[in-house]
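The next block holds one structure in the form of structure tokens; read it before the comments.
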Amino acid sequence: GSILVISPAAKKMFGFEPEYNKFIGSQVIDYIVPEDRERAKLNIISMFKSNYAGPNEYHGVRQDRSIFDIEVNSGLIRGANMQPVKMVFIIRNISERKQAEQQIHRLIQQLEIEKETAQLDANTDSLTRLANRRYFDEALSIEFHRLKHTGAPMSLIMLDVDQLKKFNDCYGHLAGDDCLRQIGTTL
């Protein structure tokens, strides 16, 4: 796990100057957050057992202690006897990709909320918030098919609110909507 060679690009990625040479001899896992180190060790062991352990994502630590997302691809260099003698790690900064993935995740969640709201709006009357005719038709179809397979009987009650127009004319449409909501809640 000791670093033998490091590229100038890797030094820059981790926030070090090109002439900084104290990487040599340090441990690879020293440059990832402590929470990811055990997993990194297990991945290295797995790779040495000829089980490819990559690519892997970790949280890297820069010289200024800031944390960023990295993807690590690794490979073994084998000696004449085909035994592993060295490892090569190719590290990419994937912070922008991770931010984009998080943004996509947030947008998907927002779309799910909007879809649920649209479904609710499509199935309810906007004034009374009671189920509308579309919902009735869908529910009736579902129940009809379910009961057709089970053989159970189905009952349907329909009613009409008498004199609602006169009520609206006398007390106003808001009172009429409230009246319908109360009737719907009671039923």
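The values are calculated or read from the model by the stated rules, or taken from the named source; none is laboratory data. Just so it is clear, the structure is predicted and the values come from calculations on it, not from any experiment. Don't worry about glycine lacking a Cβ; one is built from the backbone with ideal geometry, like all the others, and counts go over all protein chains shown. We work out accessible area using only protein heavy atoms, side chains counted, and drop any ligands, DNA or RNA first. Shrake-Rupley method; radii C 1.70, N 1.55, O 1.52, S 1.80 Å.
Remarks
- Magnitude of the charge dipole, the stretch 96-158, Cβ model with Lys/Arg +1 and Asp/Glu -1, debye to 20: 140
- Residue-normalised accessible area of the chain, given per residue in Å² at a 1.4 Å probe: 75
- Compared with the alpha-carbon gap, the fully stretched path from residue 168 to residue 99 is longer by 19.5 nm at 0.36 nm per residue.
- Between 0 and 90°, nearest 10: helix 34-48 axis offset from the chain longest Cα axis: 70
- Label selected from (1) 21.9; (2) 11.4; (3) 10.5, the criterion being mean projected area of the Cα convex hull in nm² as computed here: (1)
- Computed from Cα atoms, the angle from the helix 95-123 axis to the main principal axis of the chain rounds to 10 degrees.
- Site pair residue 26 and residue 179 shows an inter-label distance of 7.9 nm when each label is modelled 7 Å from Cα along Cα→Cβ.
- Surface composition of the stretch 1-150: carbon plus sulfur atoms hold 57% of the accessible area, using a 1.4 angstrom probe and ignoring ligands, DNA and RNA.
- Whichever lysines have a C-alpha closer than 22 Å to that of residue 22, once near sequence neighbours (fewer than 8 apart) are set aside: 11, 12, 41, 86
- Working note: Karplus 6.51/-1.76/1.60 with θ = phi - 60° gives the stretch 59-72 the couplings 9, x, 10, 7, 4, 7, 6, 6, 10, 9, 8, 10, 10, 10 Hz, where Gly and Pro are set to x.
- Residue order for 62, 134 - accessible surface, 1.4 angstrom probe, largest first: 134, 62
- C-alpha long axis of helix 133-150 to longest principal axis of the chain, angle in °: 80
- Anchor residue 148: lysines whose Cα lies under 30 Å away (excluding residues fewer than 8 positions away in-chain): none
- Label separation (residue 19 vs residue 82): 4.7 nm, computed from points 7 Å beyond Cα along the C-beta direction.
- Around the Cα centre of the stretch 61-187, unit charges on the Cβ atoms of Lys, Arg, Asp and Glu (plus for the first two, minus for the last two) sum to a dipole of about 900 debye.
- Dipole-positive endmost among 15, 159, 135 within the chain (Cβ charges, Cα centre): 15
- Under 16 Å of direct C-alpha separation, and excluding same-chain neighbours fewer than eight residues apart, residue 98 reaches these aspartates and glutamates: 57, 69, 71.
- Model label sites at residue 139 and residue 64, defined 7 Å from Cα along the beta-carbon direction, differ in position by 5.9 nm.
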